[in-house]
Each structure stands twice: as C-alpha cells, then as structure tokens.
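Everything below concerns the one structure shown next.
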Amino acid sequence: MITFSYTVFIVLIPFILFLLLGFFGNKFKPVVSGIIGTTGLFTSFLLSCYTAWQYFFVVPKVGGAFVKLIGYNITWLRFTENLHVDLGVLLDPISVMMLIVITTVSFMVHLYSIGYMKGEKGFERFFAFLSLFSFAMLGLVIATNIFQMYIFWELVGVSSYLLIGFYYEKDTAVAASKKAFIVTRFADLGFLIGILILSVTTKTFDFITLTDPKGPALMQGGSILFMGLSTMTWSMIFVFMGGAGKSAMFPLHIWLPDAMEGPTPVSALIHAATMVVAGVFLVARMFPIYVISAPAALEVVAYVGGFTSLFAAVIACTQFDIKRVLAYSTMSQIGYMMLALGVSGYGGHEGLGYMASMFHLFTHAFFKALLFLGAGAIIHAVHSNYMNEMGGLRKYLPITHATFLIACLAIAGIPPFAGFFSKDEILAAAFEHNKILWAVEYAVAGLTAFYMFRLYFSVFWGKEVHYHHTPHEAPLVMTIPLMLLAAGSIFAGFIPFQNLVTSDGLPFVKEIELSIAIPSVFIALLGIVIATIFYRKETTLPEKLAKGLGGFYRAAFHKFYFDELYLFITKKIIFNHISTPIAWFDRHIVDGGMNGVSFVTNQVSDKIKRFQSGQLQQYAWVFVSGAIALALAFIYYWTL
Amino acid sequence: MLTGILILFPLLGSLVLLFGRDSGKIRRLALGISLVEFGLALYGLYLFVTTCHCQLQMEINWANSLGVTLRFGMDGISLLLVLLTTFLIPLIILSSFRHEYRNPYAFYALILLMETAFIGVFCAMNGIVFYVFWELALIPAWFICAVWGGNDRIRITFKFFIYTFVGSLAMLGALVYLYYRTPMPHSFDIRFLYGAILSYKEQVWIFWAFFLAFAIKIPVFPFHTWQPDTYTESPAGGTMLLSGIMLKMGIYGLIRFLLPICYGVLKDWGMVAMIMAVAGIIYASVIALRQNDMKRLVAWSSIAHVGLITAGIFTLTIKAMEGAVIQMISHGINIVGLFIILDIIERRMKTRKISELGGIANGAPWLAVSFMIILLGVVALPSTNGFIGEFLLLFGLFEYNYIIAGIAGLTIIFTAIYMLRMFQRAMLGEKNELTAAFTDLTMAETITLVPVIIMILWIGLFPGFFLQLAEPAIKDILMFTR
C-alpha cells in the first residue's frame, strides 16, 4: 500500500514559510526572504509532482477508475458521533490536478516577485502573504470535507484581502481590498447557508460520503422544500452562490476588476490562476450532487457561467487598463468553465463537460498567469497600466513579446496551443446539451480573440510612444517564469485529460470533432484579423466603431454601470435611507420613549410627593375624609 | 473551599488597596492580586473534573430558617466564565496603568470589588445570593463610570443605573415569588428553584420578569438604549468591564435561571424573545454602519453579537448552547481586545473619530497587525475564536428555524462591513498631520495585547477543550427543558 501521508507537507511548508517570514522576515535581507519563500514553494511543487505521478500512475485503480484516497486525517471538532469536522488530505483526480496548478503557478510567481518587487517597502511581508495564500489555497483543494473547505475558503479570502491591499497607503488599493472582502463575504453567507442545509439534512460534512452514489445526499433529493425546488437543489444553489462570489460570476463580479489594484504577481496568482477558479473547483467537487440530486441548480450554474462569459468579454473589448482587460478576460474564461460544468452529465462521454471544464481550468492557469506576468513586465518597463500610453514595445521587450504572443494565441484558441484543445471540448459539450449556450460561446470565442489581439497590438505594435526613458527587458528572474509558462501554454493541451480527470474516474474516448473545431478556429481567426486591421497600425477605425455603437459602447465602457448600481444601493439606500433613519429612530423614539417613561414617573412622583407634606392638618384632613368615605362605602354596600 | 477563596480574595485585596496612597504601588498591587486570582482560577480548572457536574462546592448555613444556605459551586459554564473574568481583569488593570486617574486606590479597589461580584454571580447556586452579587456588581460599575467617565457621565450613568435597577427589581420579584412556590421547606437553593411547581400563567410572568432583568443587562433590543452611551462615556477600563464581563452575567442568567425554571413556556415565548434578539442583530448592525466614534461603533457591534448569542440560547439545541458559551468567552476576549486598541489610539490622538484618523499603520505596524487579528476574530474568520461560536450558533438556529437563521446570518456580512470600514479609515490610507507622529506599541501595550491574541487563536484552532468543559453542564440545563 502506498502511503500518502507526506502530502500534508505540501500544505504545511507554505504555512511554515508564512510564520517564518511573518515573524522573522525583517531580520533577513529582503532577497533572502524571497529566496526562502521560492525554495519552499519549489519543494511543495516537487512533492506535488511526485504525488501526481504516484496517484495517476502507481496506485492501482479500482475497476479501472481512480479512487478517492484519504492521505491524512485528524478529527478536529466533534459535534456528535456522526457529525464531526476533520482536517485532512483528500486525493482524487481534481485535487491532485489542483495541487499541480497551484504549486506551479505559485512557484513561478514567487520567483518572478523576487525581481518584480525588488526595492519595494514590505518585501518580506509580501512573501509572507504569498505563502499564507498558497497555504490556504492548497488547504482548500485537499479538503476532505466541506467544513474544512469553508475554513480555507475564508482564509483564502483574507489573504486575498491582505494582498490586494498590500499598498496600504494607497486609498484605491485599500478600498478595493475591502470591496473584495465584503462582496465575497456576502457570497460566503450563501455558501454557509448551503453548508448548513446540506449538513442538517445529510448529517455529514464528508465529501466522500456526500458524493457517494448510495450516500444520503444523492439518495434524498426529492423532498420539496420551497418554491417547488428540493432541499438539495436549494442547498446547491446556495453553495454555488459562494462559488460565484469567489469566481467573480455575474452579479457578484464587481470586486475582481478593482482587485487589480494589488501588485501584479498577486493578480497572476490569485486573481487569474488559482483563487478565482475555486468556485469552479467547488462545483466540480460537489458535482455528483449537482448532476443527480439538483439538476435545476446545475442549470443555474450553466446560465450564470454563460452569461458572465459574454458580459465580461464585451466589457473587455472596451477597457484601456491592461490589467483590467485581463481581469475581464479571466471572468469570461471562468464563465466558460462554469458553463462547461453546467452542461455536463455524469459518467463516460456524458461527462465531457466536466472533463473539459477541468481541462480548461488547467490550461487557463498557464496562459492567464503568463499574460499577467507579461503585463507585469510591461508595466515594470513603462510605468503605466494604460495601453493608450504604450505602443511599439516589441523592440524593447523581445522575450515578453514572444511569450505574450504565445499566451494570446493560446487563449484565442488557435491550434496547437493549449487553449484550443480545452475550449474545443467545452464547445463540443455545449453543442450536445444546449444550443443557445453553444451559440453564445461561439460569439465569446470571437470576442476573446479580438480583445486579446487588441491588447497585443496596442502594446507591442501600433503607434510609437515617446517614453521618458527607454523601456528595457525585465531581468532573468522575471523572464524565466515567463518562458516556462509559455512552454506550459504550448504543451499543456496535449495532456490526455479524458484518461485522467473525468466525472466518474473512468477514462473515456474522445476525438477532436472537426465540425466543432474548424468553425471555432475560423471565428477566432476572424477576431484576430479584425483586431489586426484596427490596431496594428494607428487608425481611426476604433473610434469610428465606438461612435457607431454609441450608447452600447459607452455602457460597456462603464462596465454596464454595475459599480454605480451597487454604490447606489449601499451608499444611498442602506447608508442614507436605512441606517441614518434607524439611528435617528433609536435616539428619538426608542430612547425617547424610555426617557418619556422616566419623565412621566418624575411628574407623577412630583404630584404624589405633595401628599407627604409634613403638615399635621393636612394629614388629619385626609384621615377624616378617608374615614368618612369608607363609612359611606360600607353603609352603601350594607344596605344593598 | 476554593470557590470561597476565589470570591473573597479580590474583596480582601480591594480593602487593602484602600489604604494605599502611592499610585504606582497601588497599581502594581492590584495587578498582583488579580494575577494571583487568575492563578487560583487555573488551579480550579486543574481540580475540575470534566465529566461531573456542579463541583468545588461550598455550603454555609447562614439563615437556615429562610432557606438561605449559601451554596457556591461551579459547573463547566461557571468555570469558563470565572476563567474569563480572572483572565480579563489583569489585562484591564494593566491597560489602565497608562491613565493617571484621580484617587487610583478607589479605582482599582472598585475593579477588584467588581471581580468579587462577578465571581459570586457565576458561582452562586442560590437565587438570592445570585441576586445579591448581581446588585453588588452594579455599584462599583456605576461609580467607575460616574466618577472617571466622560463629560456627560452623570446623566448617562443615572440612566444606566435606573435601567438595570428596574430589571433587577423584576428579577427580585420573580425570585421571591418562586420561593413560595418551591416545595416545603421553602428555599432559594437553585435545586429547589428548579423544582418549583408553577402553572403555565405563572411561568409566563416569571419568564418575562427574568427576561427583563437579563435582557437589560445583555442588552437585548429594545432595552439597549443605555448601552451605547454608557460604553462611550465610561473610562476605558469601565467599558471593558461592562462589555467584557458584566453583560455575560445576563446571558449566564438566561442559561442558569430562565431556561430550567420557565421550561414550560419556552416553546411559545422563547420564540418572541428570539425574534427580539434577531431584530436587534440587524437593527444594531445597521446603526453601527454609520458610526463615526469608534467606541460607539464597537458598542453597537456588541449589541448585534450578543443578540446572536441570546437567539441561540432559545433554540435549546446543544450546538447553539455550546456556541453560546464559546461565544460568550470569545466575545469577552475580542471586545476587550478592541477596547484596548481603541484606548491606545485615543490616548495618543486624543480623538476616537474615524474621520480624523487614517494611515496609522504607517507608523505602527505592530498595532495594525494586532488590530487586524482581533478584528478577524470579531468578523468570525475561521481559525479565530469568533468563528467557532458563530458557526455553532448559526447551526443551532438553522436546525430550529431556517428563516431566523438566515436573517441572523446577515451579521457576518454586516460585521465585516463596519469593522473593515473602521480599520480602513483609521489604520490604512495616507497619514494626516494628526497621525503622522503615531508611535508603535510600547512594551506594556504589547504585553496586554499578546494574551488576547493568543486566546483568539487558541480557541479558534483548538476549541475542543473549551467545548468539552461546557458540554456536561449544557446537557444538564437542557435536561430540565425537556
């Protein structure tokens, strides 16, 4: 029997790094902190690779399928005999895949940050937070139960908060970090309610029991709870709300673009490759429940994903801040993954969407991290985020240019780059299940190619901008991660995911369907061609088009006014029209009422106290009149 | 015996302090006494056997004809609260060192007198003794606020006094009535009170009389209006005593008296109490969103958080009750931590107004880190103490009624909003002229904050120990309600 207890170190190493760098980071030279962090993550990365190799190729399969293994487990909190919270390591195809993704990207980002963050105040704090994030994210994916997942889910949120607000003197960064925390916290309330419904009905938190075909979650789904939907459906919808918050799905997406205020390596790690796909991972983790007990909830996943991918792609075409373009692009791509899960069935070829979603998650991590790190190199060189202040950079940044181009081709879905394969599977899955969503995704594929190459041409081609000082290529410590990720973006597509990561653990056969692939490549090329015409040389075409679209363009440029809408609800309605009046109500009505009671008491006692005047005549008078009154009363009753 | 020593030791200490004249010596002596007391409480923990119920008992026949045998003892809940009290008081004393109070001997003597009263309340196994200590706690609290408080202290402490006094009278009435309903020979002993034979109607009256007393102390909406003013106007130490420990008396009273005695009406009227508590959560949270005075903001947040505890108690589920006990401890630790931080800021900046602050983290990174950790405890981040209690409470509420649970759950968002807003505006961003000269934590301040942070993480990471202590006692109480 192969033991997997060492896997706990994959998670613990980053945690130890966090403590080390957090407490003693200021004792080292900055670069030493960076090297310690990078080495630690490299160790985690090697361990993950070893785990993957063991898991996929050494451990015997049961009935041809990959099994779920518990690598390590302790009971942390015992509520009752059955209901207890464990902390442990669950290994199955998706968690092992996520280990690879997280440790790879995290390692690259650590390495890159040594160059990128050089000379910044709080260098060691940055690495401590990066390690904390890696710890939390790894703990999330290996969670054996939904409670553990929730714990790490929140820790991930907090480390994201700390990293977005890394430049804590910058007001926009601080505001963005708070916004991200609160919006995701709002979503997490849904997640928590979902967990509560789930655990109250099934009396367990454990993933293996929950997703077991004979387990309590899959056996009971029929009972109607509310509004014609079953208990399981409601719980899965609430759980998805948590996932939608983390993954920036519409309408909880508003925090992600602002989160770009954080340092760029953070955007690459957290807001492109790992944390934002946690929502997809969550749905994939609970997938058997969704597909068997809660198909209506899965429908919601599909439509939310589909709509977000279109919505974000449209906005991405209009933005000028390169990081924001990439942020919207991330939203759009995650929408793809959600949609793929949403249209998937369970088992064999039915589960194509599931496989495609995981596949896309995997490939996307490479090329999106690459895009962000490339954007970091560009920003590093020209000290601006705005693409209209850039142009002609291909001469100055040859490595960045080449790798960026590879990433653009990958995300646009041009063969043989990685994105082509995974996106093709998603389109095939959508085609089989839902033609409307399939059509939407086709359009999005075109838009993706267009906005990516709009970005590419505006930055590297287009008009020559006069720079204050000549931009120069980033140091090797930054370009090596770019090159490695570029290699990943080229080759990751050839991994046979259908043999490794499937909905039921069994491999299945799939081929590239030319009837899907050819039109999708065609539409991607069309997007690229249009972008080339518009942006390769400086032209007036983009402005003309923007004018032609008029109100629609303006709306997209302003992100369809969702920030303003939310601000209106929170600031205007909740702050000014609820909070302030209630505070007034409390001061004047509730407290006033209580004061009124005391005022009346005072008045009454004022009146009463005259009776005790100390004057004998008055007492005598009261006494006599009282006696007479009593006598009269007696006589009156007696005579009746 | 130990219980008796625990109660009397601070009282003796406070008498000794009255003869002191040198303020430095008085402070150190007060701190020493409170630390010894904490040591005694830890010794109590060491003697305590988790599986048994009421322990470390002590009986004194005082006025036998009235049935007043003074019985003291501790079960798991009492012990936890005694530990909380004895843990917090040294911190409160230490944080008061920084202030130059007039008549320090009186100030510290009153704190120790309060400690006696608190421990008496938590250990009394007799209704009338409970009542006496309950009232005893009020007197020093009132003096501390009225003598060392802010500008508007007289009016506000008067209100505070009247409010709590009205509640106390209701409780006294209920206790006396109960006394005559206990089996012969009448007794105030808690076992007799639990055995009182009451009609439904009588139970309703006693329920509301107790509830009024406890709800004012906690405070539960709509009996809360004394609280924000009193917390704001009290000196820092007084606020910590009131919020960290004194309000736990009310929650403890609910568990110890109201649930087992009025068990028959909980089904009907417990729901009403719960709705008041949950309404208070939303009400107080919404008001907290708008506050500019940090102390007042924390005061409102406290109303919201104790509202959740109160609501959880009335579910009568073991999970929510465990959550309530853990959350009592956590709330005490967290809120004292917050008030220590606010006191540090106020003493340096001479203001508590969020709008006048900003950028403090620049000059005081360790203060910012400590503040952040305590804040995360308050917003109930997993791995901090706040999470355990809040999760258990919500879990219990959810089993009881999912709509109430959903509404109560909004607290986790509201808390994040107003707490992070405060942190952002006060600590982060660019520094202004006022905050430019902010210096980081001194040694003494670090010493006061470190135990708080350790407890936040300890309870958050290893709650099992605390839950085990409380569990048998909770099961005992719940037995009476079935």
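The values are calculated or read from the model by the stated rules, or taken from the named source; none is laboratory data. As the structure is a computational prediction, the values presented were derived from the model and not from experiment. No Cβ is skipped: glycine too gets one built from the backbone with ideal geometry, and neighbour counts run over all protein chains shown. When the accessible area is computed, the model is the full protein with side chains, heavy atoms only, and any ligands, DNA or RNA have been set aside. Shrake-Rupley method; radii C 1.70, N 1.55, O 1.52, S 1.80 Å.
Side notes on the structure shown:
- For chain A, the fraction of alpha-carbon pairs lying more than 47 Å apart is 22 percent, rounded to a whole number.
- Solvent-accessible surface of the stretch B:269-482, averaged per residue with a 1.4 angstrom probe and all protein chains in place: 28 square angstrom.
- For A:K29, the aspartates and glutamates whose Cα comes closer than 19 Å to its Cα, not counting residues fewer than 8 places off in the same chain, are A:E120, A:E124.
- Rounded to the nearest 20 debye, dipole of the stretch B:269-482 from Cβ charges on Lys, Arg, Asp, Glu: 380 debye
- For the stretch B:434-444, 3J(HN,Hα) per residue [Karplus equation, 6.51 cos²θ - 1.76 cosθ + 1.60, θ = phi - 60°, Hz, x = Gly/Pro]: 5, 8, 4, 8, 5, 9, 6, 4, 7, 4, 4
- Evaluated at q = 0.11, 0.17 Å⁻¹, a Debye calculation over the C-alpha positions of the stretch A:371-481 (equal weights, vacuum) places log10 I(q)/I(0) at -0.43, -0.81.
- Using alpha-carbon coordinates, inclination of helix A:295-316 to the longest axis of chain A, degrees: 70 degrees
- Among A:H577, B:H305, the sequence by solvent-accessible area, most first, with a 1.4 Å probe is A:H577, B:H305.
- Annotation: lysines with alpha-carbon distance below 19 angstrom to A:K423 (same-chain offsets under eight excluded): A:K368, A:K435, A:K510.
- Put simply, the C-alpha atoms of the stretch B:165-306 give a gyration tensor, and the ellipsoid matching it has half-axes of 32, 16, 10 Å, longest first.
- Positive end of the dipole of the stretch B:305-436 (Cβ unit charges, origin at the Cα centre): among B:G312, B:I344, B:F423, the Cα lying farthest that way belongs to B:I344.
- Per residue, the convex hull around the alpha carbon atoms of chain B comes to 125 Å³.
- Between the listed residues B:S383, B:Y400, B:V286, the Cα displaced farthest toward the positive end of the dipole of the stretch B:269-482, a dipole computed from Cβ unit charges relative to the Cα centre, is found at B:V286.
- The C-alpha radius of gyration of the stretch A:535-624, expressed as a fraction of 2.2 N^0.38 Å, stands at 2.88.
- In this structure the stretch A:243-327 gives 15 Å² per residue of accessible area when probed at 1.4 Å with all protein chains present.
- Inverse of mean 1/r across different Cα pairs in the stretch B:265-355, Kirkwood, Å: 14.3 Å
- Counted charge near A:P519, where neighbours are those whose Cβ lies closer than 11 Å (Asp, Glu -1; Lys, Arg +1): -2
- Think of the stretch A:246-334 as having a plus end and a minus end, set by charges on the Cβ of Lys, Arg, Asp and Glu; of A:T308, A:A278, A:F250, A:A278 sits farthest toward the positive end of this dipole.
- Total formal charge among the other residues, if their Cβ is under 15 angstrom from that of B:T230, Lys/Arg +1 and Asp/Glu -1: +1
- Ignoring lysines fewer than eight residues from A:K395 along the same chain, the ones with Cα atoms less than 22 angstrom from its Cα are A:K323, A:K463, A:K537.
- About the Cα centre, charge dipole magnitude for chain A (Lys/Arg +1, Asp/Glu -1 at Cβ), debye: 1100 debye
- Computed over the stretch A:490-549, the alpha-carbon pair-distance distribution with 5 angstrom bins reads 4, 13, 12, 14, 13, 10, 8, 8, 8, 6, 2, each value a whole percent.
- Intensity falloff of the stretch A:114-263 expressed as log10 I(q)/I(0), Debye formula with alpha-carbon point scatterers, at q = 0.10, 0.21 Å⁻¹: -0.43, -1.25
- Where only C-alpha atoms are counted, convex hull volume of the stretch A:474-619 per residue in Å³: 429 Å³
- Helical content of chain A, expressed as a calculated mean residue ellipticity at 222 nm, amounts to -21500 deg cm²/dmol (DSSP H runs of 4 or more residues, -39,500 (n - 2.57) each, divided by residue number, nearest 500).
- Three principal axis extents of the protein assembly as shown based on alpha-carbon atoms, in descending order, are 112, 65, 63 Å.
- Pairs exceeding a 32 Å alpha-carbon distance, out of B:K201/B:K248; A:K170/B:K295; A:K246/A:K544; A:K179/A:K214; B:K159/B:K350: A:K246/A:K544; A:K179/A:K214.
- Taken one residue at a time, the phi angles of the stretch B:307-316 give Karplus couplings (6.51, -1.76, 1.60, θ = phi - 60°) of x, 5, 4, 4, 4, x, 4, 6, 6, 6 Hz. Gly and Pro are set to x.
- Of the solvent-accessible surface of chain B, computed with a 1.4 Å probe and all protein chains present, 69% belongs to carbon and sulfur.
- Cα-Cα P(r), the stretch B:317-431, percent of pairs per 10 Å interval: 14, 40, 27, 15, 4
- Accessible area in the full protein assembly, largest first, 1.4 Å probe, for A:K323, A:K203, A:K559, A:K463: A:K203, A:K463, A:K559, A:K323
- Whole-Hz couplings from phi, Karplus 6.51/-1.76/1.60, listed for the stretch A:519-530; x for Gly and Pro: x, 5, 5, 4, 5, 5, 4, 4, x, 5, 4, 4
- Occluded residues from the stretch B:280-312, i.e. those whose accessible area drops by 10 Å² or more once the chain is not alone (1.4 Å probe): B:Y283, B:V286, B:I287, B:L289, B:R290, B:R296, B:W300
- Rounded D (µm²/s) - the stretch B:269-482, Kirkwood Rh over Cα pairs, Stokes-Einstein at 25 °C, 0.890 mPa s: 138 µm²/s
- If only the Cβ of Lys and Arg carry +1 and only the Cβ of Asp and Glu carry -1, the dipole of the protein assembly as shown around its Cα centre is close to 1640 debye.
- Loss of accessible area when A meets B, both sides summed, Å² nearest 100, probe 1.4 Å: 4600 Å²
- Neighbour-limited loop hits for chymotrypsin sites (Phe, Trp or Tyr not before Pro), the stretch A:1-70 (at most 14 other Cβ within 10 Å; DSSP other than H, G, I, E, B): A:Y6
- Remark on B:Q55: its backbone amide H falls under 5 Å from those of B:M74, B:D75, a criterion applied only to residues 5 or more positions apart or on other chains, H modelled at 1.01 Å from N.
- Carbon/sulfur fraction of accessible area - chain A, other protein chains in place, 1.4 Å, %: 71 percent
- The modelled label-to-label distance for the pair A:F562/B:E356, using points 7 Å beyond Cα in the direction of Cβ, is 4.1 nm.
- Accessible area ranking (1.4 Å probe, heavy atoms, ligands and nucleic acids excluded), largest first, for A:H472, A:H401: A:H472, A:H401.
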